[in-house]
Structure formats: structure tokens, C-alpha cells
Protein chains: 4
Amino acid sequence: MAQRPDEDQTRAGDLAQLVNEKGQSYLIRLKPGHQEHTHNGVLLHDDLIGVQWGSEAYSHTRKRFLLLQPALEVLLLKTRRKTQILFPKDIGFVVIKMGIGPGQRILEAGTGSGAFTSALAFLVGEHGHVFSYEARPEMSELASQNLEKLGLSSRVTFKVRDIAEGFDETGVDAVFLDLPDPENYVTQAQEAVKAGGFLGCIIPTANQVSRLLETLHRGDFACIDVCEVLLRFYKTTPERVRPMDRMIGHTGFLVFARRIVPPTEPS
Amino acid sequence: MAQRPDEDQTRAGDLAQLVNEKGQSYLIRLKPGHQEHTHNGVLLHDDLIGVQWGSEAYSHTRKRFLLLQPALEVLLLKTRRKTQILFPKDIGFVVIKMGIGPGQRILEAGTGSGAFTSALAFLVGEHGHVFSYEARPEMSELASQNLEKLGLSSRVTFKVRDIAEGFDETGVDAVFLDLPDPENYVTQAQEAVKAGGFLGCIIPTANQVSRLLETLHRGDFACIDVCEVLLRFYKTTPERVRPMDRMIGHTGFLVFARRIVPPTEPS
Amino acid sequence: MAQRPDEDQTRAGDLAQLVNEKGQSYLIRLKPGHQEHTHNGVLLHDDLIGVQWGSEAYSHTRKRFLLLQPALEVLLLKTRRKTQILFPKDIGFVVIKMGIGPGQRILEAGTGSGAFTSALAFLVGEHGHVFSYEARPEMSELASQNLEKLGLSSRVTFKVRDIAEGFDETGVDAVFLDLPDPENYVTQAQEAVKAGGFLGCIIPTANQVSRLLETLHRGDFACIDVCEVLLRFYKTTPERVRPMDRMIGHTGFLVFARRIVPPTEPS
Amino acid sequence: MAQRPDEDQTRAGDLAQLVNEKGQSYLIRLKPGHQEHTHNGVLLHDDLIGVQWGSEAYSHTRKRFLLLQPALEVLLLKTRRKTQILFPKDIGFVVIKMGIGPGQRILEAGTGSGAFTSALAFLVGEHGHVFSYEARPEMSELASQNLEKLGLSSRVTFKVRDIAEGFDETGVDAVFLDLPDPENYVTQAQEAVKAGGFLGCIIPTANQVSRLLETLHRGDFACIDVCEVLLRFYKTTPERVRPMDRMIGHTGFLVFARRIVPPTEPS
């Protein structure tokens, strides 16, 4: 991801995605002399270093693997976690809805395991920045480590803080709250985000949506939207095109709003 | 979007999003001396210039509007078009799935009206670039104008070309095909994209999915995925949380694959 | 429906479904000497009487129609209405979930326009019965007329009543509540339904679901289920299989429970 | 279901639904002197006989169960099977779409494990009849046993037959095909169903839909519809209303058509 995407050869220290014949992916760090033990046999890291990205590799039991630069989707889904993470389907829509892109300053709370933080850090680029608040020190630490692995930690400032006190930043382009009670932090978000900027939230239950909407309607917000994103995968056999038997039925409701400037009282 | 997001005051020449009380949005270019005629009365551009983004504005009939920097979602949905455009729900998932971000070189065909081109140009930032192929000169011209309006045209090279001849670029990070018969251009895409890079396609029918899968399975591709994204909006009344009565039932199937390096024949 | 399904010839007085070339359906009552004025020209009823069901018929402008015994789905969707009706997708699931079939005694409130009443009357057959409560006399009257047209009114007893007072029947197989506040009538339903019998409700908002669940959990109910049914139509062109562009996004949440017998206090 | 629904006391020989505290259901046949071994302890059948339906029962480990007349939905889902069965969500829509009800004659092929056969036999009542064709003798035998258990076998005629030869019946109200290649039996179905009657099919893949549509458009059919039914369950905690994490993503596409009478050639 952040690591030399222009190179076409693997190098020691690279994070790599190994894909087996069933399409299952593993993330590994290439280290000279190391061995990778998988359900499909052992791979020697030395065989995986200095070869072309996109090549095949074989375990000692002659099982075939593909060696790929890690896909962003896989990095997100494989985030080492102690919490529920945002799913790629939700991240994608949040990014477009809130117009997140290069050079922006984005604030999020809570950090959680850092999956969404990774996506934000990737998307704002070298000239943007992410401020990520989390009340639990051990979660912030985990997320920090996860970002470090991806080479993205210079783009993120982690803060361990009860956000009831408010945020340090002002004028950020967007604030995203992944908290059980976002309605309690709408005022703090309002003070941090620039006029016209975006507030986004993800919450699993309709009861939370109801409480959040009540608060948003009372605050200085407009363009309020509530939605959910459903992703349905299909089998990939050409002569049997059909959805998979099972799908994710729910991750969370997404709630969006834009901060407006209240009319000043005529004096 | 590309236009001075850091400014908090509107200026002549800015593209602005006007939102009426019903939540409907209009995109306008702020021009001194101009008038904006809406269903809710007339607004004077001079009243909209030099004020804070996020402010209220009133028409001559005292109808309230909000004045906002255009949201990316709205820019995409309001793209002046002669073709079906990619929807934000699909663009969002494509972006995360293909890992599109700052600094990348992305190739797309066909250009169409340029909605997805705009999203790509926004996301790759100043240091990335988009190469956009289109066979119909008038479509390419329309898209070029659309990108110009957004101040993003320096990030895009438009080419009017029958892509059966292949693409000029090689080693791009990702290729996206929005064509009725992507199966006929898989080889060309394969030659343009870097090893391990992404191919993405959107096609409306299951029959097209079947044909494309057949071709992909024969080519040098792996990690093939087919999916569809469903977006469901909810009403925003706190005491009546419920999905909207109607929703978009289908836009297209998304097909993804990554280019692999075929094993070289032992000599 | 109830009218001589075994006959294969149309007769004066029959209710018939006319289908035009676009697949749009009209319900008409066949009357000697009458004319039917449609957007596709005029049809003479005399041409439609005494012919085989399933035949073609032509208007004076030579537009083709099909003459069919009315489909249950079409009868339900074409119910003359002053209220929102239950949709076939929801009725179908309710029927199977509550095990509604021949010979049963079913209670519903409110009657509304009588679409669901029609389906129930059809399904319980000659030996079953439907008791349908409604507070608004004009709605009950409309529903009664609608059932009369279908020849099903002998299977239904309509009652104009505020159901806060309770129902007259006991030991019914199932109770279905299509009311804005079903949580206020759970006790009455509990007294009317047999032990082990079903309670079903349809309500549009998640807030209502929350209130109803609270009441059900406190009452003598088990096997509580909440669900929603989504129906997605596809285009019927063989070489372009794909979902329709638009679909119904929401009708209502379905809530089900079974009445249990509370343990008697040891004396 | 067919067994004395009017009785409110359990009797020896009854089929009963036991529901544990987690909401999981078991179907058992009440037999004097027998014991029921469950994951939640042992129940004595003698304690379950002669009590009121809807009562509580306790295992030897004091785990609570509910004793209910079997719900149709549970009978269908618990059908002893060697094949994929139709799901209640699909059965419900098929029933309403095809207008299946008391007194009708319905034909189905193949029988499979008999889940849909059970629903049909239940719904057509004592005065209707189901003709169920199956090429594999062992499947027909299994379905026959399943119907026997439900006390519904007198309403069904099972035939072991390759239906390429056609059906014995004519003028049936509806034909339902649950076969991998329904397009090969459209002519046979057309000869069996009455004019204006319904043909219904369930098939898992879009490729099959495409082939079937091609055949239907060439045959004497109108009112062709293709759809899929999605069912989404919600959690039942009042203060946390939300969809379940996982759902069934696909069972099959439903295809419907009505037989029409082709115009006779002018002689």
C-alpha cells in the first residue's frame, strides 16, 4: 500500500498477500531465512523474495500460491482486531459520501482496531492527516501498531482521550464517529468540523439512529441522510451465475450530515 | 472539490451547491451580477459571493437555501450526462476494492460522461493520473468539459480511440472497463495493467457477467470476484425510522480480478 | 377466484383480467352490451363473453389483449383502496409463517381496504372463517364491497368496533394486527387466539417494532420473530437477465409470536 | 397441521414441536413410555401427553421447553431431506402469485424431499389434490413418508416417472417445476395446465433463467415474471432493533407464466 507500489519485484521486509488455490488470502512479512507454515504446506520466504509481484509460488507439498501486493480490501479485512471493524462496503460509501481524498484533514473517534484509520490514512495521502481519538489506551496502541505495519503511521495522530472534553482540532474536512452513543458527541464534532464539512457515523441499531437523528435535527446540521449498504457476492462459474448462498445481513446504519452556519442574531 | 477547499469564504467563480428546504441540491457557478432562477424564487449571486460556506441564503420569495461547497456525491450525481453514469454506491466499493488512492495511474474505458473519471481524478490527487479512453468523440468532449468545470482536467488524459487496438500505457495500477462487452478487451487490459494490478468492470446483465467470467478464467487473472452493491436510504424522522418506500433495484454487477504473471515455460 | 374456477368459458357477470401488450392488467366485470374504454382502444364486452379463458381479444384499434381469470396477486394489488394495503410479498410470507389454510378461523384488525381480508377468505376456504375488525365504518363498508365483488363475503364477518374493548371470538387459529399501535392490543389478541396460536403484525417503522417487542416480551408469547421481505423483479429478456432498475424498498416489518400458556401458580 | 387442530390437549401419536430457551425447535412424535434426549436434558413423553398445547415442559435438568402444535414453517424447514428444499419465503410468494388455495388441483415435478408438496397438500385442503412427479424412486419414497407423517398423504398422488413423456393430468390449476432444466418440460406443462393457468419454476442460476425465458417466449405463455425473494430477520431485543448479522443470500430465482390459448388459424 504505502510501500513502494512502483516496484515490481518483492523485497525483504515487504508485506505480501499470499493467495491459495481456494482464493483464501494470508498477509505475511517477507523475511530472509524464514518459513511460512500454511494449511497447504510450507513456503520458504527466500523463494518469495526478489521475484515479480503477481508470480506463482509453491509450498513443499507442491500446492500453488499467488504472491501479490496486499490489496487494500484485504488489508482492511485482515486488520488485527479486538473490536468490530468497518467493512470495505461501508468504508467505500463513506469515502464518496464525505468526499474524502488527498490533502484532507480527517478526524475520527473511536479509533478501535484502526481499520478505517488505515483507509483514511491511505486516501488522504502524504499531504493529508488523520486525527484519531480513542478512550481505551490498549485499543489506540493496537491501532497504532497496525498503521505502523502498513507504513502509514506518519499520517495519523493517535490521541487517548475521553472525547466528552472535545477535540483539539478545528476546521477539519470531516469527522467520523464510530461510537455506541454518537448523539453525545455531536456538539464536539460540530466544533471540530469546518462550516459545510461532513459528519459521518456508523451505528448498528435503529434505536441509536433514532437518538442520533433527534440530536442532529436540533444541532447546526443539514443534508441529513441515513442509509445502509448491502453487498452481495456471486459465484464466479461462468455457466452458473448466481449469488452466494449466504451474505452479510447487517453491519451498521450510516448517518451523514453537513455542518451549517446558523444565522447570526440581528443585534 | 479541487477548488480551494481550505477557503471558508465563497468567491466569484466558485462552484457552489445550493440546497433548498426539501433537501434538493443545485450546482451553480457564482458570477457577479448574475441571478439564479429556482422553483423557490430568485437568488442574487452577489448575495452568495463573499459569504461563509455553510451559510443560509434567501430567495426573493424568502425561501431558505443553504450554500455549500459541492459534495463529491452531488458532483457525481449531477454530472451533465448523455450516458448512464456510475453511481456513488458503486464507485465507493470499486475504489476500496481496487485500492485506488493518491499518486496512482488509473486507466478507464469508456469515458462516458465522465462521472467516474471525476471521482478517479479527485482520488489520485495531484501526483496521480487518469487515462480515459472513449470511442465517441462527442462523449469524450462532454467528459472533458465536465472535468474542466471541476478544475480536475489537468489530472486526466482523454483519448478518443477504438480500444481494440490496445492502450498506450503500461504498468498502470488499475484498469476499469465500463463497456457493454468487456470480455473483448481483457487482453488489452492485461497488457496495460501492472502485474498484480486490478481489473474492474461494471455490466448490467448476468449474461455479460457469464461471458466476462469465461474470458477472465482463460486469461492471466486471479482473485476474481463478482458482486453487486445495494444502497437503501432511510427516512430521517427520529420517531419514524424506516427505509424509504422505493429504492434503486439495480445499477450493475461489478466484476474484479487481479493480473497474475503466468509461469514461464521451462526451456 | 371464488367464481367457478372450473369453467373454461367466460360468462356474463364474471370478473376478468385484461392484459395489454405491455403486460398491464385491468379488472373488469363482463356485462352484455357494455363497452370497455382503454388507452389501447375500445373492447366490446359481447366479444369477451362466451369465449375461452386465456384467449386473445382485440380493441377497435386492433390492439391485442389477453382475457384471463383474475390472478389472486392482481386482485390483491388492484383492491379498491383508501388505505395502504398489504403487498403479495408480505401476505405470502405471513400465510406460511402463521400456517393459514383451509378450515381455519382467522381474526384481523384493522380491516382497512380488505386486501389481506380477501387473501385470508380465499385461503381458509368454504369451511373456514375470517373475523375482521375496523374502527372506521366507511373503511369496513369499502372492504365489505370489495369482498362482495370477489364472491367471498360469506366467509367474512365484518365488525365495526374499537378493539380496545376486546374481540368477541376466542380460540381462533391466528390473529393479525395491521394497526399503527399493535402494542396496545396484544392483551386482546392474546385472549382471542388459541394456546399455541399465532399473532402476526405489520408495522412500517423500527420505533413501532421496538414498542411491540417490549410488550410481547412481557406477555404470554414465545417464538417471537421480526423480519422483512424484499421482492426483486427481473427483466424477462433472455439475453439480458438483470434486476429491474427500481424496486419497492420497504412496505413494513413483520412481527410474529405464538401464544403460550403461562405456568399456573402452585397453590 | 392436518392433525386435529381443534383439540387443545396433546394426545399420544401427535406430532409436536418442542422449543428450547434459545428458540431452537425439535419435532417429535408423542409416544407413551418414550424418552426424548436433547442437548438440554431428557424429557418424558408421558409428561407431554394430555397437557395443553402451548404449555411449558421441563427436562430432568430443569431446562424449560415449550410444547407447541408444529408450525407449518417449522414442518417445512424440518422436512427430512436428501435434496435442497423450497424455503418458506419462496413458498409463500409462489402460493400468492399462483393463487393456490382450497379445492385446486396442482401438479409439481420433481417431488424432491416433499417440502413444497407438504405446503401444497396443506393449502389445497381436503377437496383439492396434488400430483407430484419424480424420476428417482428413492426420493419419491422419502417424500411419501414425509407426507404420511403429516397426515397429508391422501391429498397427494406420487408418480415415479421421467416427465419427458408428459403428465397424465390435464386442466390442472397450476404446474410447478423444481428441476434443473425446466425449459425442457415447458411443452409438457403447457399440455397439463388449464388455459389461463399458472406455470411456476424455481432455478438457482441466471443462466437457467435465460434458457427458460427463451423457451417461454416461444411457447403459449404470457404474464411472464422473474423475481427473487429476500428475507431478512431482525434481532428481537426492543432496545436494539437491528437486522441479524447474517442472512440467506440466495435460494433461487422464481419464474412465473400463464398459459394462453393461441389464436386458431383462419381456415
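The values are calculated or read from the model by the stated rules, or taken from the named source; none is laboratory data. Quick caveat, the model's predicted, so the values are computed rather than measured. Using ideal geometry, Cβ is built from the backbone for each residue, glycine included, and neighbour counts are taken over all protein chains shown. What goes into the accessible areas is simple: the full protein's heavy atoms, side chains included, and nothing from ligands, DNA or RNA. Shrake-Rupley method; radii C 1.70, N 1.55, O 1.52, S 1.80 Å.
Would you please classify the overall shape of region D:7-47 from the alpha carbon gyration tensor, given that a ≥ b ≥ c denote the square roots of the eigenvalues, rounded means a/c under 1.5, and beyond that prolate means a/b larger than b/c while oblate covers the rest? It comes out oblate by the Cα gyration axes. Legend: calculated FRET efficiency, D:GLU148 to C:GLU138, from the Cβ-Cβ distance at R0 = 56 Å, rounded to 0.05, equals 0.65.
Computed from phi, the 3J(HN,Hα) profile of region B:110-117 under the Karplus parametrisation 6.51, -1.76, 1.60 (θ = phi - 60°) reads x, 4, x, 7, x, 5, 5, 4 Hz, with x in place of Gly and Pro.
Based only on the alpha carbon positions, what is the Kirkwood hydrodynamic radius of the protein assembly as shown, in angstrom? Provide the component values of the computation, followed by the final result.
Values: mean 1/r = 0.0312 Å⁻¹.
In the protein assembly as shown this quantity evaluates to 32.1 Å.
Under a 5 Å amide H cut-off, with hydrogens placed 1.01 Å from N, C:PHE221 pairs with C:ILE260 among residues at least 5 apart or on other chains. Taking θ as phi - 60° and the Karplus parameters 6.51, -1.76 and 1.60, the scalar couplings of region C:178-195 work out to 10, 9, x, 10, x, 4, 7, 10, 5, 5, 4, 5, 4, 6, 8, 8, 5, 4 Hz in sequence order, x denoting glycine and proline.
The alpha-carbon atoms of region D:1-118, seen along their principal axes, cover 47, 29, 22 angstrom, with the largest extent given first. Note on D:189-201: average number of Cβ atoms from other chains within 10 Å of each residue's Cβ is 3.
Could you work out the relative contact order of region D:116-267? I mean the mean sequence separation of Cα pairs under 8 Å and 6+ apart, divided by the number of residues, in percent.
On the way: 230 pairs, mean separation 30.0, N = 152.
So the answer I get is 20 percent.
Here r is the Cβ-Cβ distance between C:THR61 and A:ALA12 and R0 is 60 Å; the resulting FRET efficiency, rounded to 0.05, is 0.15. Would you mind classifying chain C by shape? Square roots of the alpha carbon gyration tensor eigenvalues, ordered a ≥ b ≥ c; an a/c under 1.5 is rounded, otherwise it is prolate if a/b is larger than b/c and oblate if not. Because a/c hits 1.5 or more and a/b exceeds b/c, chain C counts as prolate.
Hey, any idea what % of region D:127-267's accessible area is carbon plus sulfur with a 1.4 Å probe?
Numbers: 2670 of 5490 Å².
Here it works out to 49 percent.
Only helical runs count toward this figure. For chain C, summing -39,500 (n - 2.57) over DSSP H runs of n ≥ 4 and dividing by all residues gives -6500 deg cm²/dmol at 222 nm. Angle of helix D:137-149 to the longest C-alpha principal axis of chain D, folded into 0 to 90 degrees and rounded to 10: 50°.
Based on Cβ point charges of +1 for Lys and Arg and -1 for Asp and Glu, what charge dipole magnitude is obtained for the protein assembly as shown about its Cα centre, in debye rounded to the nearest 20? Intermediate results must be reported in sequence, preceding the final value.
Details: 120 positive and 132 negative charges, 1 e Å.
Here the size comes out at about 0 debye.
Pairs from the list B:LYS97/D:LYS235; C:LYS82/D:LYS97; A:LYS63/A:LYS149; A:LYS78/D:LYS78; A:LYS97/B:LYS194; C:LYS149/C:LYS194 with a Cα-Cα gap above 26 Å: B:LYS97/D:LYS235; A:LYS63/A:LYS149; A:LYS78/D:LYS78; A:LYS97/B:LYS194; C:LYS149/C:LYS194. Principal-axis analysis of the Cα atoms of chain A puts helix A:88-97 at an angle of about 40° to the longest axis. Between C:THR264 and C:ILE224, residue separation times 0.36 nm minus the direct Cα-Cα distance comes to 12.2 nm.
Once the gyration tensor of the Cα atoms in region D:56-110 is diagonalised, the equivalent ellipsoid follows with semi-axes of 33, 15, 10 Å, ordered largest first. Binning all Cα-Cα separations of region B:20-83 at 5 Å, short to long from zero, yields these whole-percent fractions: 4, 16, 27, 26, 17, 7, 2, 0. Averaging the Cα positions of each part gives two centres, and for region B:68-143 and region C:102-170 these lie 56 Å apart.
Per-residue mean of foreign Cβ neighbours for A:123-131 is 3 (Cβ atoms of other chains, 10 Å radius).
What is the sum of charges, Lys and Arg at +1 and Asp and Glu at -1, for the other residues whose Cβ falls under 14 Å from the Cβ of D:THR215? It would help to have the intermediate numbers written out before the result.
On the way: positive: D:ARG211, D:ARG218, D:ARG259; negative: C:GLU239, D:ASP181, D:GLU183, D:GLU214, D:ASP220.
Its environment carries a net charge of -2.
Considering only the protein assembly as shown, what is the antiparallel percent among its DSSP beta bridges, to the nearest 5? Spell out each step's value before the answer.
Details: 137 of 213 bridges.
About 65 percent, rounded to the nearest 5.
The residues of region C:41-169 expose, per residue, 35 Å² of accessible area to a 1.4 Å probe.
Buried area at the C:D interface is about 5300 square angstrom, summed over both chains, from accessible surfaces computed with a 1.4 angstrom probe.
Given an 8 Å cut-off on Cα distances and at least 6 residues of separation, report the relative contact order of region D:43-104 as a percent.
On the way: 35 pairs, mean separation 11.6, N = 62.
Contact order relative to length: 19 percent.
Looking only at region A:172-214, which residues have a backbone nitrogen under 11 Å from a spot 7 Å from the Cα of B:GLN52 in the C-beta direction? From region A:172-214, the list is A:194-196.
For chain D, DSSP calls about 60 percent of its internal beta bridges antiparallel. In terms of its alpha-carbon gyration tensor, region D:136-267 comes out oblate; a/c meets the 1.5 threshold, while b/c is at least as large as a/b. Mean partner shielding of peptide D:206-216, defined as the number of other chain Cβ atoms within 10 Å of each residue Cβ, is 6. The aspartates and glutamates within cross-link reach of A:LYS31, meaning a Cα-to-Cα straight distance under 15 Å and a gap of 8 or more places when in the same chain, are A:ASP14, A:ASP46, A:ASP47.
Its alpha carbons give region D:162-208 an Rg and a Dmax of 10.7, 31 Å.
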